[in-house]
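First up is the structure itself, then whatever we jot down about it.
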Amino acid sequence: MKPEIEQLKKIIDESNNIVFFGGAGVSTESGIPDFRSANGLYNQDLGRTVSPEEMISHSFYVRHTKDFYEFYKDKLIYKDAKPNACHKALAELEKQGKVRAIVTQNIDGLHQLAGSKTVFELHGSVLRNYCEKCHAFYDVDKVLESDGVPYCDKCGGRIKPDVVLYEEGLDEDVINGAVNAIAQADTLIVGGTTLIVYPAAGLIRYFRGKNLVLINMSATQADKSADLVIRDPIGEVFSQVMGW
């Protein structure tokens, strides 16, 4: 076991209020591509004149809803994805009373699928969808099975994913919950994120605890502030920590 993995295990053993802040890199080992790496979504040649960022913006959704859904279903929904060792370890550590909350930028719902209970989804979830007119709830199957744009069975209104698109604000209650959790933590583990996307990335500034740990394959702007930096795949890191 590498010294940094042993150090992380020691930090976890000695902590009683851990918050995990994660990004797209947490789910890459579950087969969901990230956004900004060399093979990420934003660097793929999609054969379109519009960038991925623009295609998942609020204005594109409103103006070109059919094209939005074509892209959204193809690139952002991974219904068959399963939790990896990172998701499972965090759920187990929550059961042990170590992890108190997960703050995630991901929209895949894998933390809950692994068994985590306290999850603040900063950018929403592809698993939740609602009618813009009557607010009826629909699951992901409704979206996937719809031909083109999904419409409400009750009132005929357009269905929108409960996902925060570019140009949209984050949910205030989710933000407040995440801020309070981070502010009270004795250890903050940041994993699978480049800490580029704001305002989400700014939340780690509220941490006042003892141990700041960063687990990411590439450098982040917070590396210099961290007590421990690990450059290995996050699932592998947690597998070793848990002794799996």
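The values are calculated or read from the model by the stated rules, or taken from the named source; none is laboratory data. Since the structure is predicted, the reported quantities are computational estimates derived from the model, not experimental observations. Quick reminder, even Gly has a Cβ in these numbers, built from the backbone with ideal geometry, and neighbours come from all protein chains shown. Just the protein is used for accessible areas: all its heavy atoms, side chains included, with ligands, DNA and RNA removed. Shrake-Rupley method; radii C 1.70, N 1.55, O 1.52, S 1.80 Å.
In the set (i) 33, 19, 17; (ii) 29, 19, 18; (iii) 26, 22, 17, the label that goes with semi-axes √(5λ) of the Cα gyration tensor in Å computed for this structure is (i).
Expected output is a single nm value to one decimal: the length gained when fully extending between Asn176 and Glu145, i.e. 0.36 nm times separation in residues minus the C-alpha distance. What is it?
Numbers: separation 31, 0.36 × 31 = 11.16 nm, distance 3.48 nm.
The Asn176-Glu145 span can extend by a further 7.7 nm.
A straight line joining the Cα centroids of the stretch 110-148 and the stretch 1-16 runs 35 Å. Applying 0.36 nm per residue to the separation of Asp67 and Gln184 and subtracting their alpha-carbon distance, the gain on full extension is 37.8 nm. Here's the picture: charge each Lys and Arg Cβ at +1 and each Asp and Glu Cβ at -1 in the stretch 61-108, and of Leu93, Asn106, His64 the one pushed furthest to the positive end of that dipole is Leu93.
Nearest 20 debye, what's the magnitude of the dipole of the chain about its Cα centre given +1 on Lys and Arg Cβ and -1 on Asp and Glu Cβ?
Using Cβ point charges on Lys, Arg, Asp and Glu, the chain gives about 320 debye.
For the pairs Lys82/Lys210; Lys95/Lys210; Lys10/Lys117, flag any whose C-alpha to C-alpha distance is greater than 26 Å. The answer is Lys82/Lys210. Here Lys133 is the anchor, and the lysines within straight C-alpha reach of less than 20 Å, apart from those fewer than 8 places off in the same chain, are Lys66, Lys142, Lys154, Lys160.
Computed with a 1.4 Å probe on the full set of protein chains, the accessible area for Phe120 sits at about 50 Å².
Cysteines in the chain lacking any other cysteine Cβ under 4.7 Å from their own Cβ: Cys86.
For the stretch 48-161, the Cβ-based charge dipole about the Cα centre amounts to some 320 debye (Lys, Arg positive; Asp, Glu negative; other atoms uncharged). Among the aspartates and glutamates, select those whose C-alpha is under 13 Å from the C-alpha of Lys98, and discard any that sit fewer than 8 residues away in the same chain. The qualifying aspartates and glutamates are Asp13, Glu14, Asp186.
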